[in-house]
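Since the structure comes first, as C-alpha cells, the remarks are kept for the end.
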Amino acid sequence: MGSPIYLKIVEDFKERINSGEIKPGDMIKSENALCEEYSVSRMTVRKSLNVLAGEGYIYSVPGKGNFINEPNQDKYILYFNEMTSIESSVEDTQLLDVNIIKPTLEIIFNMQIPENKRVVLIRRVFLSDDNPVAYDIKYIPYYRGIPIVEKEIHYATFPEIVAKKKSLFAINKELKIKVQKPSEELQEILGIEISDPVMVIEQKMLDEGNRPIGWGVTYFRGDFFHLQAVSSFADKSNSIY
C-alpha cells in the first residue's frame, strides 16, 4: 500500500528544498495553486503544509502566505541512552544500592519536592569486559504501595524506571553535559586516576506539566563514551559522533 498523498507532497517539497530548486525565503504557491498542481483537495494540501511547518521546513506569514524556512545550522537532535552511549556494549550492570532516603538540599532543588518527601535512590555501575565504564545515580519520588523491584531496574534506562507512574510518551527530558575531574569516589569506582576526565550527563525527567519526576547523573569514563547527534534536517544515516 502506497504512502498517503499528503506525504507524497511533503516528500516532493523536501526534495525540491534539498536540491536547491526552492530556497530559504522563497514564497511557495497558494493553496489553490497547489491543489491544482497536485490534483488534490484543499484539506490534503493543508495537511501537507502542516507537516512541513511542524518539521521546520516552512513558516507562515499571516495575510501573505507560506515561505521556505532558513535552516538553523546550530540545531542538532541528540540521541542519548546511558546504556548505548558507550563505545563498547554494556555487558553487565552491578546494582550497588536501592534505598528510600531523605532528600538532600540538592535533591529537593532538582526534584522540586518538599523536604519531608522521601525519594528512591538507585546506584549502578555499568560494566564492559568486566571493567567499570560508568557510574549511574538516579532519584525518583517514593510512592507508598508501588514496590521497588530490583530485577526490573537492573538494566532499565531512566525513562523506563520512571515509567512506573507515567507513560513513556508523556515524559519530557532535559540533559546537561559537562566534563570534570573525578572525585576520589569516582576514581575508586571506575578504576581511574585523578588526571582522567569523566563525562558527566545529568538527566531530568519531566511530566506533561514540566514537573520533575526523576533526576539522575551518570559519570562515564572518557575513553568509553560517545555522543550521537544529527542536524535537524539531516537523515539519520549522516550521524555525527
Task: Test item: Cα-centred dipole of the range 5-68, Lys/Arg +1 and Asp/Glu -1 on Cβ, debye - done: 200
Task: Cα lying deepest toward the dipole's positive end in the chain, options V179, G191, N110, charges on Cβ - done: N110
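Subtracting the Cα-Cα distance from 0.36 nm times the residue separation, let me have the gained length for E185 to H226 in nm, one decimal.
Here the segment from E185 to H226 would lengthen by 12.5 nm.
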Open item on the list: Largest first, please: the extent of the C-alpha atoms of the range 69-146 along each principal axis, to the nearest Å.
Closed with: 48, 44, 24
- [ ] Can you tell me the dipole magnitude for the chain around its Cα centre, using point charges on the Cβ only (Lys, Arg +1; Asp, Glu -1), in Debye to the nearest 20?
- [x] 1240
Open item on the list: List residues of the range 24-38, by number, whose backbone nitrogen lies under 13 Å from a label position 7 Å along Cα→C-beta of K64.
Closed with: 25-28
Task: Fewest-first ranking of Y139, Y79, using other Cβ atoms within 10 Å as the exposure measure - done: Y79, Y139
Task: Reciprocal of mean inverse Cα separation for the range 5-68 (Kirkwood radius, Å) - done: 11.7
Task: Listed pairs K23/K173; K138/K181; K23/K176 exceeding 29 Å between Cα atoms - done: K23/K173; K23/K176
- [ ] List every residue whose amide H lies under 5 Å from the amide H of G214, counting only residues 5 or more places away in sequence or on a different chain, with H placed 1.01 Å from N in the peptide plane.
- [x] M205
Open item on the list: For the pair Q94/S30, report the inter-label distance in nm, with labels modelled 7 Å from Cα in the Cβ direction.
Closed with: 7.1
Task: Exposure rule at most 12 other beta-carbon atoms within 10 Å, DSSP loop trypsin sites (Lys or Arg not before Pro): the chain longest free segment - done: 145-235
Open item on the list: Just to confirm a number: summing +1 for Lys and Arg and -1 for Asp and Glu over residues other than K23 whose beta-carbon lies under 11 angstrom from that of K23, what do you get?
Closed with: -2
Open item on the list: Please return the longest range in the chain lying between exposed loop sites, taking GluC sites (Glu not before Pro), DSSP loop only, at most 10 other beta-carbon atoms within 10 Å, and leaving the sites out.
Closed with: 22-114
Task: Cα point-scatterer Debye curve for the chain, base-10 log of I(q)/I(0) at q = 0.13, 0.15, 0.16, 0.17 Å⁻¹ - done: -0.90, -1.02, -1.09, -1.18
Task: MRE, 222 nm, helices only [DSSP H, n ≥ 4, -39500 (n - 2.57), over the chain, to nearest 500] - done: -6500 deg cm²/dmol
Task: Diffusion constant of the range 38-106 at 4 °C, which comes from Stokes-Einstein with the Kirkwood Cα-pair radius and 1.567 mPa s, µm²/s - done: 72
Open item on the list: Taking 41 Å as R0, compute the FRET efficiency from the Cβ-Cβ separation of K75 and T104 and round it to 0.05.
Closed with: 0.70
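Could you work out the percent of alpha carbon pairs in the range 1-136 separated by over 18 Å, rounded to a whole number?
71
Every number in this text was worked out from the coordinates using simple rules, so none of it is lab data. The structure displayed is predicted, hence computed values, not measured ones. Positions of Cβ are generated from backbone atoms using ideal geometry, with glycine treated the same way; all protein chains shown enter the neighbour counts.
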